[in-house]
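Student: This is the structure, below, for whatever I ask next.
The values are calculated or read from the model by the stated rules, or taken from the named source; none is laboratory data. Model, not experiment: these values are computed from the prediction. A quick note on method: Cβ atoms are made from the backbone with ideal geometry, for glycine too, and the neighbour counts reach across all protein chains shown.
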Amino acid sequence: MNHHHFHIVFARRGDDAPTPQFIRMLEHAAHQRGMNFVHCKNHEQAETLRWALQRGTLHVDCLIDYMGRSFRNDYELGCAVKDAGGMVLDDPDRVRIYGDKAVIHQELERVGLAMPRTLLWRPEQPSRDLSAAEQAYLGRRIVCKPARGSGSGGVVLGMEPTAAALADARDYDDEDTYLLQEFVEPIDLEGRPAWFRVYNCFGTVLPCFWHPETHATELVTPEQIARYGLHELERISRTIALVSGYTWFSTEIALTWRSGRFAFLPIDYLNNKCFMLTHAEFGASGMPMQVAETVTREIAEQALHRARRARPGPHPLQCLFNPQRGACVDCDGPGQPGRRICEDAPQPGFPVRERAGAPQ
């Protein structure tokens, strides 16, 4: 029985669409380190991977999973990689737990992070008018969001504090818990709102200015961190990583004025499928190139460490010679320069690229 070994698999739908620069950069970083790279582009390929993993004919060191809910066996795919000793960005069991905003909200409160004022409305609770005390607690503008929603799906800004408005909002998913939250108004930092998207990749924290209306994203410089006193952004991101166990995610954080003092408040706690199109592809609201470069390099390094430790079963590939190490990624042997994969080709539909040129 043939056994195959993929070092990095990036699972993201897009058969006919151009490959995003982030994925091309990650492929390039993988090849620089002597690893192979597979871009899984549709549900059929993802299902083939899952079956091969479950049969024991495939080992994957690192799966970056952007398939999401559109692939009905997404959770099972991640578990198959994880059960075989690979790592998944992000761990499917942790995503099942902490993908619930109500759960992560309570956990972050428990460890002492300042949080937006929030009421949790469970599925079994009937909709009703908010009491005077509840309205005073949340303020004049109320944000309503489903705990299991993704992106902006189901989010209502400026919800009226009435039973009818709450019932309408809950129609998005009447089996979900809803977070009723205060509307957080960021302070102004020299003409821009103090709203941030903070990326975290295996502990490397990259804070960015993020405009809540235009979504323009710009990496915060060390000088700006010092000038504005933004060190708390990194502490919050590291705390969220520690609580959730996520390894590649982003968090929205706003700096606001509360009770006579400045407060950094997490708004969107855990986004584990970060928007990856860069400035060159998506304009100012794309991912800054410095972030893409740092993250793809970090993921490739982590995958390389995993590949060194894994060494599954019978040697699955010809030696993957890494010029920088002077040895094979898989077996630490002398390697065979120029022979990146064995003649025993992978499953049809999964091109394992032998070499990567510079990302275009």
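Student: Select, from 62, 79, the only residue that is hydrophobic (A, V, I, L, M, F, W, C), in contact (Cβ under 8 Å) with a residue 12 or more places away in the chain, crowded, with 21+ Cβ neighbours inside 10 Å and on the phi < 0 side of the Ramachandran plot. Give the steps one after another, and end with the answer.
Tutor: Values: 79 fails: crowded, with 21+ Cβ neighbours inside 10 Å.
Only one candidate passes the filter, namely 62.
Student: With the requirement that a residue be more than 20 Å from residue 220 (Cβ to Cβ), of a type in the set (A, V, I, L, M) and touching a Phe, Trp or Tyr at 6+ places or on another chain (Cβ under 8 Å), what does region 278-303 give you?
Tutor: Matches in region 278-303: 299 only.
Student: Still on this structure, I have one more. Any chance you could count how many residues in region 152-163 are touching a residue at least 24 places away in the same chain (Cβ under 8 Å) and of a type in the set (Gly, Ala, Ser)? Break it down stepwise before answering.
Tutor: Taking region 152-163 and keeping what is touching a residue at least 24 places away in the same chain (Cβ under 8 Å), we get 157-158, 161-163.
Next, only the ones that are of a type in the set (Gly, Ala, Ser) stay: 158, 163.
Final tally of qualifying residues: 2.
Student: Please enumerate the residues belonging to region 232-268 that are in a helix (DSSP H, G or I), among the small types (Gly, Ala, Ser) and surrounded by fewer than 16 Cβ atoms within 10 Å (Cβ to Cβ).
Tutor: Our first condition is that a residue be in a helix (DSSP H, G or I); within region 232-268, this holds for 232-244.
Keeping just the survivors that are among the small types (Gly, Ala, Ser) gives 237, 241, 244.
Matches in region 232-268: none.
Student: Are any of the residues in region 193-211 farther than 20 Å from residue 265 by Cβ and either modelled with pLDDT under 95 or assigned to a strand (DSSP E or B) (or both)?
Tutor: Taking region 193-211 first, the residues farther than 20 Å from residue 265 by Cβ are 201-204.
Cutting the leftovers down to either modelled with pLDDT under 95 or assigned to a strand (DSSP E or B) (or both) gives us 201, 204.
Within region 193-211, one or more residues are farther than 20 Å from residue 265 by Cβ and either modelled with pLDDT under 95 or assigned to a strand (DSSP E or B) (or both).
Student: Same structure, new question: Please count how many residues of region 123-154 are outside any helix (DSSP H, G or I) and either closer than 24 Å to residue 252 by Cα or of a type in the set (Ser, Thr, Tyr) (or both). Working first, answer last.
Tutor: Step one: list which residues in region 123-154 are outside any helix (DSSP H, G or I), which gives 123-131, 139-154.
When the remaining residues are screened for being either closer than 24 Å to residue 252 by Cα or of a type in the set (Ser, Thr, Tyr) (or both), the result is 127, 131, 139-154.
Residues that pass the stated criteria total 18.
Student: Name the residue that is surrounded by the fewest Cβ atoms within 10 Å (Cβ to Cβ), counting only residues in region 187-231 that are under 19 Å from residue 262 (Cβ atoms) and in contact with a Lys or Arg (Cβ under 7 Å, 6 or more places away or on another chain).
Tutor: Among those residues, the one meeting the criterion is 209.
Listed here are the residues, each with its yes/no results for (1) among the acidic types (Asp, Glu); (2) more than 18 Å from residue 281 (Cβ to Cβ); (3) without any contact (Cβ under 8 Å) to a residue 60 or more places away in the chain; (4) touching a Leu at 6+ places or on another chain (Cβ under 7 Å).
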position	(1), (2), (3), (4)
10	no, no, yes, yes
14	no, no, yes, no
26	no, no, no, no
32	no, yes, no, no
41	no, no, yes, no
47	yes, yes, yes, no
51	no, yes, yes, no
57	no, yes, yes, no
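Condition check ((1) among the hydrophobic types (A, V, I, L, M, F, W, C); (2) loosely packed, with under 15 Cβ neighbours inside 10 Å) across all residues:
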{"residue": "94", "(1), (2)": "no, no"}
{"residue": "109", "(1), (2)": "no, yes"}
{"residue": "112", "(1), (2)": "no, yes"}
{"residue": "115", "(1), (2)": "yes, no"}
{"residue": "118", "(1), (2)": "no, no"}
{"residue": "125", "(1), (2)": "no, yes"}
{"residue": "130", "(1), (2)": "yes, no"}
{"residue": "145", "(1), (2)": "no, no"}
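Student: Of the numbered conditions (1) free of Cβ contacts under 8 Å to residues at least 60 places away in the same chain; (2) within 26 Å of residue 87 (Cβ to Cβ); (3) out of contact with any Pro (no Cβ under 6 Å at 6 or more places or on another chain); (4) polar (S, T, N, Q), residue 224 fails exactly one; give the number of that condition.
Tutor: Of everything listed in (1) free of Cβ contacts under 8 Å to residues at least 60 places away in the same chain; (2) within 26 Å of residue 87 (Cβ to Cβ); (3) out of contact with any Pro (no Cβ under 6 Å at 6 or more places or on another chain); (4) polar (S, T, N, Q), residue 224 misses just condition (2).
Student: Looking at region 147-168 only, could you name the residues that are under 26 Å from the mean Cα position of the chain (by Cα) and exposed (fewer than 12 other Cβ atoms within 10 Å of the Cβ)?
Tutor: Just the residues of region 147-168 that are under 26 Å from the mean Cα position of the chain (by Cα), to begin with: 147-157.
Scanning region 147-168 gives 151, 152, 153, 157.
Student: Can you tell me which of 351, 346 is surrounded by fewer than 16 Cβ atoms within 10 Å (Cβ to Cβ), modelled with pLDDT under 90, touching a strand residue (DSSP E or B) at 6+ places or on another chain (Cβ under 9 Å) and not hydroxyl-bearing (Ser, Thr, Tyr)?
Tutor: On the way: 346 fails: surrounded by fewer than 16 Cβ atoms within 10 Å (Cβ to Cβ).
Answer to the check: 351.
Student: Scanning for something over 28 Å from residue 287 (Cβ atoms) and modelled with pLDDT under 95, does region 85-108 turn up at least one residue?
Tutor: Within region 85-108, one or more residues are over 28 Å from residue 287 (Cβ atoms) and modelled with pLDDT under 95.
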